[in-house]
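The values are calculated or read from the model by the stated rules, or taken from the named source; none is laboratory data. Remember, it's a predicted structure, so these values are computed and weren't measured experimentally. Backbone-built Cβ (ideal geometry, glycine too); neighbour counts: all protein chains shown. In case anyone asks, the SASA skips ligands and DNA or RNA and just uses the protein heavy atoms, side chains included. Shrake-Rupley method; radii C 1.70, N 1.55, O 1.52, S 1.80 Å.
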Amino acid sequence: MNAEVLVLNASYEPLHVVSTRRAILLLLKEKAELVEATDQYIRAASAAFPRPLVIRLRQYIKLPRNLSLPLTRRLVYARDQYTCQYCGGHFSAANLTLDHVIPKSRGGRKTWENIVTACKRCNQIKGNRTPEEAHMRLRRPPYRPRYVALVWLKSPERRPSAWEKYITGKY
Ligand SMILES: [Zn+2]
């Protein structure tokens, strides 16, 4: 009963993750519809239900526009999908570091626009240089996220494969 279920906004944007129990409640109250389920059935409220994997809210939840997100290691990794922004490799949090794109020693500040996820090796190679000087291209310019869906905080290895297409938007 404790597995986790991905909740999508009415627009199919991933919103957050809830327990199976909570997901079934949302389905029973018709606040959400079932998108993906396993072929297992579970009993709840004296009926049997397919075990949900992904549900979608019937009503669109408006996300705050100018949410100020704290700049934390975990949130930067989440924004960058646990991917080194230089070599493009996927790593676990233990093998990642935060890199100042413009180094601190050159006046680079700790802002969402100047901090990226880098693997230890790339960070070491880049050292105290700018990406241009080090001839290392950023995969994507760092940006201040509008919001961080809770689901991003789960590293890709820990996410059920049934969630993947909804998270990456590649159907
Ligand atoms: Zn790297």
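Applying the condition of being surrounded by fewer than 12 Cβ atoms within 10 Å (Cβ to Cβ) and not basic (Lys, Arg) to region 154-170 and asking which residue is modelled with the lowest pLDDT yields GLY169. Scanning region 93-126 for residues that are of a type in the set (D, E, K, R) and either touching an Asp or Glu at 6+ places or on another chain (Cβ under 6 Å) or under 11 Å from VAL76 (Cβ atoms) (or both) yields ASP99, LYS110.
A quick yes/no check of all residues on (1) more than 16 Å from the ligand (Cβ to nearest atom); (2) modelled with pLDDT of 90 or more:
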| residue | (1), (2) |
| --- | --- |
| LEU8 | yes, yes |
| LEU57 | yes, yes |
| ILE61 | yes, no |
| TYR86 | no, yes |
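For region 15-67, residues that are in a strand (DSSP E or B) and in contact with an Asp or Glu (Cβ under 9 Å, 6 or more places away or on another chain) total 11. When you scan region 41-60, do you find a residue that is within 22 Å of SER161 (Cα to Cα), loosely packed, with under 14 Cβ neighbours inside 10 Å and in the same structural domain as ARG158 (by TED's automatic domain parsing), even just one? Yes, region 41-60 has at least one match. Annotation: of all residues in region 90-124 being part of a helix (DSSP H, G or I) and in contact (Cβ under 8 Å) with a residue 24 or more places away in the chain, the one that is most open to solvent (accessible area, probe 1.4 Å) is ARG121.
Got a sec? Which of ARG73, ARG140 is within 27 Å of GLU4 (Cα to Cα) and open to solvent by 80 Å² or more (accessible area, probe 1.4 Å)? Exactly one residue qualifies, and that residue is ARG73. Restricted to region 112-124, and to residues there that are under 18 Å from PRO141 (Cβ atoms) and within 19 Å of the chain's Cα centre (by Cα), the residue that is nearest to the ligand (Cβ to nearest atom) is ALA118. Filter region 76-89 down to the residues that are among the hydrophobic types (A, V, I, L, M, F, W, C) and over 19 Å from ARG144 (Cβ atoms), then identify the one that is most open to solvent (accessible area, probe 1.4 Å). Residue satisfying both the conditions and the ranking: CYS87.
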